[in-house]
Structure formats: C-alpha cells, structure tokens
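Written out below as structure tokens is the structure these notes cover.
The values are calculated or read from the model by the stated rules, or taken from the named source; none is laboratory data. This is a predicted model, so every value here is computed, not measured. Note that we place each Cβ from the backbone using ideal geometry, even for glycine, and neighbour counts take in every protein chain shown. Note: accessible area is taken over every heavy atom of the protein model, side chains too, but ligands, DNA and RNA are not part of it. Shrake-Rupley method; radii C 1.70, N 1.55, O 1.52, S 1.80 Å.
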Amino acid sequence: MRWTKEEEEKFRIAYQDNNYTLEEICWKFKRKRNAIMSKAHAMQIKRIPQKEDLPDGYKRCSKCKEVLSFEQFYDKRKAKDGKQPYCKTCKNKYNKEKKEENNKGITLVKEQKFIVCSRCNEEKLYTSFDIDKKTGKRKKTCRKCYIIATNKNSIKEWEKGD
Ligand SMILES: [Zn+2]
Ligand SMILES: [Zn+2]
C-alpha cells in the first residue's frame, strides 16, 4: 500500500509523538509494525523513546491512559512486556461491543437472507426469488416455482386454486 504525501506528514508527527504507542500508530495508519518501522527508517525519522517513570510491574493503559498494575492487564505473549495494551476493563468493554456488533450482524443477515416460498414452502436464499417489477420487492414464490407455474401458462388459475 503506497503512502500519500499527506499520510507521510501525519506519520512524521505521530511517530515522533510520545503520546502514541507503536500499536496505536499501526492502527491509525492501518499498517503492520514492519511496514511502520521500515517507513520510519526510509524517512529517517526516529522515535523519541518515552521513559515513563513507573514502578516495576506497572503499565499505562493505552485506552483509558490510567497507570495500573500488571494484574489489571491480560497476557499477550507476543507483546514486549507480555501484556495487552488495553487494561482488563477497557479490553472487556471493547470485546463486549465487538460481540454485540457481530450479533447484530447475524440476526440482520438471518432476517433478510432467507425467504420461505409460498408455493413449495421451502426456505431458500433470497437470490432464488426474483424482484417484482411492479412492487420492487421480492416475489413470494421462488424462481423455480414461478417458472413451473408460468410455463404451464396457468399461474392465474394456480394462484386462485392454491
Ligand atoms: Zn484502560
Ligand atoms: Zn418454491
């Protein structure tokens, strides 16, 4: 992914700003850590290391910015300090929101994705139903049933009789 001039300028500022963690920069510029590091190298900008005077076993949550003990953070094996950047409270909140978002997505899809055909009573994917040009809505009968009925040239009778 190419960097735009504007992105490069923003990156220069963010990278040298101690208030941003590397994680936050990766997220902000939607790039992997490697890409961020090599870009900084190419632009010859250095990160001024932030030496926060924190007691051992303490860490600042990159979400709520609170200084908390290590116990307040979940483990993250790949991280330098072995801990998540967000504290447990922030992480739980984040996970809950994510979950709710996903659940919402599932019910929405379920409601819209399948239609029960009024002729064969089968539940089919919505793409099996043509759109009625008059109403702009999906037909109540699936394409297969519709074709069978119209081919017999007796859809009117069938609609009456069924
Ligand atoms: Zn937090
Ligand atoms: Zn059908």
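Filter segment 128-145 down to the residues that are open to solvent by less than 70 Å² (accessible area, probe 1.4 Å) and of a type in the set (Ser, Thr, Tyr), then identify the one that is farthest from the chain's Cα centre (by Cα). Steps first, please.
Looking only at segment 128-145, we keep the residues that are open to solvent by less than 70 Å² (accessible area, probe 1.4 Å), and these are 128-130, 132, 136, 139, 141-142, 145.
Filter once more, keeping what is of a type in the set (Ser, Thr, Tyr): 128, 141.
On the way: 128: 28, 141: 35 Å.
Among residues in segment 128-145 that are open to solvent by less than 70 Å² (accessible area, probe 1.4 Å) and of a type in the set (Ser, Thr, Tyr), the one farthest from the chain's Cα centre (by Cα) is 141.
If the condition is being among the small types (Gly, Ala, Ser) and modelled with pLDDT of 90 or more, then segment 58-89 contributes 69, 82.
The single condition among (1) at pLDDT 80 or above; (2) surrounded by 10 or more Cβ atoms within 10 Å (Cβ to Cβ) that residue 109 does not meet is (1).
Open to solvent by 100 Å² or more (accessible area, probe 1.4 Å) and within 28 Å of the chain's Cα centre (by Cα): which single residue out of 97, 71, 123, 101 fits that description? Outline the logic, then answer.
Numbers: 97 fails: open to solvent by 100 Å² or more (accessible area, probe 1.4 Å); 71 fails: within 28 Å of the chain's Cα centre (by Cα); 123 fails: within 28 Å of the chain's Cα centre (by Cα).
Answer to the check: 101.
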